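The values are calculated or read from the model by the stated rules, or taken from the named source; none is laboratory data. Predicted model only: the values in this text are computed from it and were never measured. Cβ sites come from the backbone with ideal geometry, for glycine too, and all protein chains shown count toward neighbours. Only protein heavy atoms, including side chains, enter the accessible area calculation; ligands, DNA and RNA are left aside. Shrake-Rupley method; radii C 1.70, N 1.55, O 1.52, S 1.80 Å.
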Amino acid sequence: MITATGLRKSYGDKVVLDGIDLSIPEGTIFSLLGPNGAGKTTTVQILSTLIPADGGTATIAGHDLARRTDDVRDAIGVTGQYSAVDKLLTGEENLLLIADLKHLSRRDGRKKTAELLERFDLVDAANKPAGAYSGGMQRRLDIAMTLVGDPRLIFLDEPTTGLDPRSRRGMWQMVRELVRDGVTIFLTTQYLEEADELADRIALLDHGKLIAEGTAEELKRLIPGGHILLTFTDTGSLDAARFALGAGVPDPDALTLQVPGDGSVRSVRDLLNRLDERGVAVAEMSVHTPDLDDVFLTLTGQKTETTA
Ligand SMILES: Nc1ncnc2c1ncn2[C@@H]1O[C@H](COP(=O)(O)OP(=O)(O)O)[C@@H](O)[C@H]1O
Ligand SMILES: [Mg+2]
């Protein structure tokens with residue numbers, strides 16, 4: 001659905017995208033994950049024909065991005081980081097307006113609008129001004145508006161930023177349903193959890209470069225295995241454990257020792273046996289497998305946003 005090679009974009013002497021390559025199969029969810037300012041919106045703007053790239057090539061749904069702009073526009077829908085919802089119009093009027101812009105007949109426009117209001121649980125609110133909607137309702141309307149033209153590819157630029165956890169989960173559910181209908185999703189997010197939950201493939205974007213790409217599992221395998229966190233009741237036990245194991249990062253304030261380990265039953269049993277032999281008592285133990293946070297931290301040296 002999307003292939004891109006060497007996409008570049010600069011503003012003045014600031015390089016925003018520094019050679020982006022993408023290959024996204026139809027019917028999948030692709031997530032571009034990165035912190036604020038990484039270049040996510042710029043990538044979406046280029047791939048959705050809103051701004052031209054300075055270099056590189058791309059095809060969308062088989063159409064050359066630079067030469068077949070109208071064909072590309074017919075195939076896609078975009079929900080921006082900032083909503084396209086007109087707050088003075090009702091939900092229904094917003095949808096009818098888009099139907100008009102997409103040159104649907106009055107009858108088809110009404111039919112599509114009714115269908116989308118139903119699907120996005122906006123029937124009761126259809127005749128209220130969108131400005132009176134909750135944040136979650138406005139996002140739903142925004143996505144409904146994107147779907148008026150039956151796009152094969154939808155760009156969702158940070159669709160859940162600023163939403164409360166419940167609305168965020170609702171949005172995730174909606175995205176999954178879209179894919180079930182065969183639509184391809186290009187989703188940008190700052191939230192690792194969101195990419196982990198939704199995406200078939202994830203690319204990590206940092207300062208305009210893709211620093212890693214793969215399934216969540218593949219990305220997690222990029223960094224060394226997890227660790228086991230042991231907690232003790234006193235400093236004496238902590239020191240004895242360090243001595244017995246000959247490894248680990250101690251935190252004397254928290255009375256914990258972080259020991260590298262993959263969390264397998266065998267490695268945990270080994271560890272506890274070695275402590276037992278020396279008579280060291282462990283108060284608590286937890287196994288930590290690497291998550292995308294660890295991957296991002298390891299590859300970029302910075303933390304991303306965490307979800308509430
Ligand atoms: N129109 C513009 N003019 C100048 N700089 C821009 C413009 N658009 C984006 N940038 C810069 O490009 C970088 C990437 O921006 P953006 O693509 O919006 O990142 P993200 O969506 O990942 O937060 C930022 O440093 C931003 O300030
Ligand atoms: Mg952005």
- Note on the structure: To the nearest 20 debye, the range 227-288 has a Cα-centred charge dipole, built from +1 on Lys and Arg Cβ and -1 on Asp and Glu Cβ, of 220
- What shape does the range 227-288 have by the C-alpha gyration tensor, where a ≥ b ≥ c are the square roots of the eigenvalues, rounded means a/c under 1.5, and otherwise prolate means a/b greater than b/c and oblate the rest? oblate
- Quick one: of the DSSP bridges fully inside the chain, what percent are antiparallel, nearest 5? 65
- Message: Under 8 Å for C-alpha pairs, at least 6 residues apart: give me the relative contact order for the chain, rounded to a whole percent.
- Response: 20
- For the chain, the percent of accessible surface on carbon and sulfur atoms (probe 1.4 angstrom, ligands and nucleic acids excluded) is 48
- Message: At 7 Å along Cα-to-Cβ for each site, give me the label-to-label distance between Asp64 and Val123 in nm.
- Response: 4.8
- Computed about the Cα centre, the charge dipole of the chain from +1 Lys/Arg and -1 Asp/Glu charges at the Cβ has a magnitude in debye, to the nearest 20, of 760
- Item | Within the range 243-269, backbone nitrogen closer than 13 Å to the virtual label 7 Å beyond the Cα of Thr298 toward Cβ | 260-262
- Note on the structure: The alpha-carbon center of the range 250-265 and that of the range 126-148 are separated, in whole Å, by 48
- Relative to the chain, whose Cα atoms define the longest principal axis, helix 91-101 and its Cα axis are tilted in degrees, nearest 10, by 60
- Relative contact order (percent) for the range 227-288, with alpha-carbon contacts under 8 angstrom and 6 or more residues of separation? 50
- Once you have the Cα-Cα distance between Glu277 and Asp86, take 0.36 nm times their residue separation minus that, and quote the gain in nm to one decimal. 61.8 nm
- Would you mind checking the pairs Lys102/Lys220; Lys9/Lys220; Lys87/Lys111 and listing those with alpha carbons more than 32 angstrom apart? Lys102/Lys220
- What is the helix-to-structure angle for 165-180, meaning the angle in degrees between its Cα long axis and the longest Cα principal axis of the chain, kept from 0 to 90 and rounded to the nearest 10? 60
- Expressed per residue, the solvent accessible area of the chain in Å² (1.4 Å probe) is about 51
- Query: Taking a ≥ b ≥ c as the square roots of the eigenvalues of the Cα gyration tensor of the range 102-184, is the shape rounded (a/c under 1.5), prolate (a/b larger than b/c) or oblate?
  - Reply: oblate
- Within the range 267-286, what residues put their amide N at less than 12 Å from the label point 7 Å along the Cα-to-Cβ vector of Phe243? 278-280
- Query: In whole Å, what is the distance between the alpha-carbon centres of the range 176-244 and the range 155-170?
  - Reply: 19
- With only helices counted (DSSP H, runs n ≥ 4, each -39500 (n - 2.57)), the per-residue ellipticity at 222 nm for the chain, to the nearest 500, works out to -11000 deg cm²/dmol
